[in-house]
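Trainee: Questions regarding the structure given below will be posed in turn.
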Amino acid sequence: MALSHKNRREIITKAICGKGRRFSTVTHTVTPPNNPTSILGAWIINHQYEAVAAGDGIEVVGTYDINIWYSYDKNSQTDVAKETVSYVENVPLSYLDPKHRASTVEVSAEATQEPSCVEASVSSGGGSVMIRVEREFAVELVAETKIVVEVFPNGSSDDFDKDFDFGAEEGDYEELDPDLIDDEL
């Protein structure tokens, strides 16, 4: 059945018009006040971020604190070095609806893998610590867009089969115990 202009409508609605995902590994250098002998632990805390529309992608702008527990003075003393790191992660959109209304764009990001330290080592010079951090973000771009729907003047189409098969066959519910059915939903 061919559609004529009389039988269709354009509807403006909010929809997810773009999606993207990015995994990254970054290396940070932290210089503690004392020359470290060995690393006893390293962790990331206080992660905060927000999403910002940027060209054909979405930028995730954020900060986190790196804490490094280390020994120094030939492993005779310990201390914790703390450093706040700022970052900008550009996440390209793998899908983008070109017909979205740019003036209505809202972007969001979700950390599918929070930043975590996967390796910490004393640098070859001995005065700093190299921290390798992994993180991953999924982003969405929501905006107004148009969809086209078919309108049936009589309320429904005779072209569609009204018999639906929901996978249940006659007699499938005969073995149910009526005392187990909760009437107060």
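The values are calculated or read from the model by the stated rules, or taken from the named source; none is laboratory data. Predicted model, so just to flag it, every value in this text is computed and none were measured. Note that we place each Cβ from the backbone using ideal geometry, even for glycine, and neighbour counts take in every protein chain shown. The area values use the complete protein model at the heavy-atom level, side chains included, leaving out ligands, DNA and RNA. Shrake-Rupley method; radii C 1.70, N 1.55, O 1.52, S 1.80 Å.
Trainee: Among the candidates SER116, SER124, single out the residue that is closer than 17 Å to PRO32 by Cβ, open to solvent by 30 Å² or more (accessible area, probe 1.4 Å) and of a type in the set (Ser, Thr, Tyr).
Mentor: SER124
Trainee: Still on this model: Only residues that are in a strand (DSSP E or B), within 17 Å of the chain's Cα centre (by Cα), surrounded by fewer than 16 Cβ atoms within 10 Å (Cβ to Cβ) and of a type in the set (Ser, Thr, Tyr): list them for region 76-106, please.
Mentor: Scanning region 76-106 gives a single hit, TYR95.
Trainee: Hey, among ALA111, ALA102, ALA168, which residue is at pLDDT 95 or above and of a type in the set (A, V, I, L, M)?
Mentor: Exactly one residue qualifies, and that residue is ALA111.
Trainee: Which count do you get for residues in region 95-121 that are closer than 30 Å to THR84 by Cα and of a type outside the set (S, T, N, Q)?
Mentor: 11
Trainee: Just one of the numbered conditions (1) free of Cβ contacts under 8 Å to residues at least 24 places away in the same chain; (2) more than 25 Å from TYR49 (Cβ to Cβ) is not true of SER121; which one?
Mentor: It fails just one condition, (1).
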